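These notes are about the structure you will find just below.
Coordinate-derived values only; no laboratory data. Please read all numbers here as calculations on a predicted model, not as lab measurements. A quick note on method: Cβ atoms are made from the backbone with ideal geometry, for glycine too, and the neighbour counts reach across all protein chains shown.
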Amino acid sequence: MHTLICGQTESGKSTLAAYFARSYVAAGRPVLILDPIGVGWPSGRGVLWTADPDYFSYQAKRCRGALLVVDEAGEAVGTFQRQMQWVTTRSRHLGHSALLVAQRPPMVAPNVRNQCRRLYLFTLAPEDAKVCAVEWNAPVLRESPRLEQHFFLSVDRYGDAGLWESRPAGAPVRVDTLPRMGL
Ligand SMILES: Nc1ncnc2c1ncn2[C@@H]1O[C@H](COP(=O)(O)OP(=O)(O)OP(=O)(O)O)[C@@H](O)[C@H]1O
Ligand SMILES: [Mg+2]
């Protein structure tokens, strides 16, 4: 299953992504991270961080059942577009799950967004929030501009929606259950 994390700078996206990476490591599963900065990720056996898109793709094709993290952070739009396309359309056949991180939804191609079943949305400009509300069919996402730093809305295309608080160390905490179609 693929997941997209969006939100303004310093909202908490990479911190949340690092939590999921640590969970995979704890479960003994491989984690591959493509990110231009490389700070804050777990290290050790089974974890690979690189800023090189080609090396990332090469390694992703050589393993199975990994968490593939692509964190664009504040890079130019489309920096890792090719990797995001491959990760969301092909990597499922290798048993991988993708975790894509971008400040704004338009930084990610529409067909890549459509391949993501789950969305974790931190605070966002109203126009961007509207795009997500339409694409995930969840009007509650229009409320994301009101979120405080480190809080995020979680929406699953086939599941429920919730309000969560991320924690710098440890698991995120569910604050509220939201009516998926309400608000
Ligand atoms: N729940 C939290 N409580 C307190 N501090 C937090 C929490 N989550 C993240 N932080 C801190 O907030 C700062 C920004 O978080 P983070 O780097 O995850 O943001 P980001 O959304 O990835 O930003 P950018 O788009 O610039 O990469 C970091 O210093 C991080 O340690
Ligand atoms: Mg970040």
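Show me, for the range 141-148, the HN-Hα J-couplings you get by feeding each phi into the Karplus relation (A = 6.51, B = -1.76, C = 1.60, θ = phi - 60°), rounded to Hz, glycine and proline as x.
5, 5, 7, 4, x, 8, 5, 7
Work out from phi, with θ = phi - 60° and the Karplus expression 6.51 cos²θ - 1.76 cosθ + 1.60, the ³J(HN,Hα) of each residue of the range 115-131, listed in order in whole Hz, and give x for Gly and Pro.
So the Karplus estimates, Gly and Pro as x, are 7, 8, 6, 10, 10, 10, 10, 8, 5, 8, 5, x, 4, 5, 4, 5, 4 Hz.
Skipping prolines and chain starts, which residues have an amide H placed within reach, meaning under 5 Å, of the one on A98, given they are 5 or more residues away or on another chain?
H2, T3, L68
Mind listing the Cα extents of the range 85-167 along all three principal axes, in Å, largest one first?
Cα extents, longest axis first: 38, 26, 22 Å.
Counting pairs of alpha carbon atoms under 8 Å apart in space and at least six apart in sequence, what relative contact order in percent does the range 3-178 give? All intermediate terms of the calculation are to be shown ahead of the outcome.
Values: 355 pairs, mean separation 42.4, N = 176.
Relative contact order here is 24 percent.
May I ask you to sort C6, C63, C116 by Cβ crowding, counting other Cβ atoms within 10 Å and putting the fewest first? Kindly include the intermediate steps, with their values, before the conclusion.
Values: C6 30, C63 17, C116 23.
Sorted ascending by nearby Cβ count, the order is C63, C116, C6.
Can you give the Rg to Rh ratio for the range 66-124, taking only C-alpha atoms and Rh from Kirkwood?
On the way: Rg = 10.9 Å, Rh = 11.7 Å.
Rg/Rh: 0.93.
Convex hull volume of the Cα atoms in the range 3-178, per residue, in Å³? Don't jump to the answer; show the numbers that get you there.
Details: hull volume 18.6 nm³, N = 176.
Dividing the Cα hull volume of the range 3-178 by its residue count gives 106 Å³.
At T89 and E143, where each label point lies 7 Å from the Cα along Cα→Cβ, what is the point-to-point distance in nanometres?
Between T89 and E143, the label points sit 3.6 nm apart.
What order, most packed first, do the peptides 132-141, 79-88, 156-165 have when packing is the mean number of other Cβ atoms within 10 Å of each residue? The partial results should precede the final answer.
Details: 132-141: 19.0, 79-88: 20.6, 156-165: 14.9.
Going from most to least packed, we get 79-88, 132-141, 156-165.
Taking amide H positions as placed 1.01 Å from N in the peptide plane, with prolines and chain starts having none, which residues 5 or more places from W49, or on another chain, fall under 5 Å of its amide H?
I33
Using only the alpha-carbon atoms, how far is helix 13-26 inclined from the longest principal axis of the chain? Give it as 0 to 90 degrees, nearest 10.
Approximately 50 degrees, to the nearest 10.
May I ask what percent, to the nearest 5, of DSSP beta bridges between residues of the chain are antiparallel? Each step should come with its number before you reach the end.
On the way: 14 of 35 bridges.
DSSP beta bridges in the chain are roughly 40 percent antiparallel.
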